[in-house]
1. Would you pick out the residues in region 72-106 that are under 18 Å from E60 (Cα atoms) and over 11 Å from the mean Cα position of the chain (by Cα)?
2. Within region 200-236, can you find the residues that are more than 13 Å from the ligand (Cβ to nearest atom) and either over 21 Å from the mean Cα position of the chain (by Cα) or over 15 Å from E114 (Cα atoms) (or both)?
3. What are the pairs, 6+ residues apart or on separate chains, where a residue within region 179-193 that is in a helix (DSSP H, G or I) has its Cβ under 6 Å from a residue that is of a type in the set (S, T, N, Q) and crowded, with 22+ Cβ neighbours inside 10 Å?
4. Of the residues that make up region 179-186, is at least one under 20 Å from the mean Cα position of the chain (by Cα), open to solvent by 60 Å² or more (accessible area, probe 1.4 Å) and small (G, A, S)?
5. Every residue in region 79-101 that is closer than 12 Å to E39 by Cα and open to solvent by 70 Å² or more (accessible area, probe 1.4 Å), please.
6. In the set R63, R55, R14, which member is out of contact with any helix residue (DSSP H, G or I) (no Cβ under 9 Å at 6 or more places or on another chain) and open to solvent by 50 Å² or more (accessible area, probe 1.4 Å)?
7. Tally the residues that are out of contact with any helix residue (DSSP H, G or I) (no Cβ under 7 Å at 6 or more places or on another chain) and either exposed (fewer than 15 other Cβ atoms within 10 Å of the Cβ) or at pLDDT below 95 (or both), restricting the search to region 220-250.
8. Could you tell me how many of the residues in region 98-121 are of a type in the set (D, E, K, R) and within 16 Å of the ligand (Cβ to nearest atom)?
Amino acid sequence: MKPLPITTGEATSRPLKTSETIARLVARDIVRRGLQTGERLPGEAAMIEHYGVSRESLREALRLLEVQGLITIKRGVGGGPLVGRVDPANLGRIASLFFYMAGGTYEELFQAWEMVEATLAEMAARNPDREAVRSAMEPFVTDSGVVGRDLDGFVRGHTDFHAVLGGLMGNRVLELMLPTLGQIVTHHIVVHSDPRKLGDTIHGDHVAIARAVASRQPSNARRLMAGHIRTMAAFFNDELGAAPDLIDWK
Ligand SMILES: [Zn+2]
């Protein structure tokens, strides 16, 4: 096994392919028109005419957006493209492919994950809009949001707490980028194990972090979050022995 070296420079000057350009134009039109998730986009014939491109290029462009979840395509009669979602999990999915090719391991991912989540908690605690912080943390101060018996509900509850903290950073770039690492880990755990075994620990951690964030204690929030992530990384590692493995998304 020999991973590829990480090299920079080539891609920054590569001109966009036609399909990539069209994908960007479709994205631009969605944003300019203020379209929201689930809203309908023009049909194929209309888009071909509007963008002045071939059917093949348009379909490739839509596929590019579809695999990133930015649009969904309803098949069959009355189907067509709909506006999708901006989900950090999709950014994580594509990033995991890069990490894999470069030989990135779960041990490295856990380390990076701890750093970014700790930053996220600290920034949330520093948010000057205290009213917004308090009301966002309110449901978690008493109930961490991880209750729920089914695996899906549990995972949603857990990632929801981290996503709400991300929303308090006041920086959409970080809000989108930082959770990608957690999404990769979460995906891995859900596929290979059951995080509900850690339910009580997660609950206790979240309550403590929520309190630190709500009462404006950035260094406490950072320390508690780092501990929380370390606990989870250790559990995942004991459970799966994943640390030396290459980062993957199945
Ligand atoms: Zn958590």
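1. Hits for region 72-106 are T72, I73, K74, R75, G79, G80, P81, L82, V83, G84.
2. In the first step, residues of region 200-236 are kept if they are more than 13 Å from the ligand (Cβ to nearest atom); the result is 211-212, 214-220, 222-223, 234.
Hits for region 200-236 are R211, A212, A214, S215, R216, Q217, P218, S219, N220, R223, A234.
3. I184/S96
4. Just the residues of region 179-186 that are under 20 Å from the mean Cα position of the chain (by Cα), to begin with: 179-186.
Next, from what is left, pick out any that are open to solvent by 60 Å² or more (accessible area, probe 1.4 Å): none.
Looking through region 179-186, none of the residues is under 20 Å from the mean Cα position of the chain (by Cα), open to solvent by 60 Å² or more (accessible area, probe 1.4 Å) and small (G, A, S).
5. Within region 79-101, just R85 meets the criteria.
6. R14
7. Within region 220-250, residues that are out of contact with any helix residue (DSSP H, G or I) (no Cβ under 7 Å at 6 or more places or on another chain) and either exposed (fewer than 15 other Cβ atoms within 10 Å of the Cβ) or at pLDDT below 95 (or both) number 5.
8. Of the residues in that region, 2 qualify.
The values are calculated or read from the model by the stated rules, or taken from the named source; none is laboratory data. Please read all numbers here as calculations on a predicted model, not as lab measurements. Note that we place each Cβ from the backbone using ideal geometry, even for glycine, and neighbour counts take in every protein chain shown. Note: areas computed on protein heavy atoms with side chains; ligands, DNA, RNA excluded. Shrake-Rupley method; radii C 1.70, N 1.55, O 1.52, S 1.80 Å.
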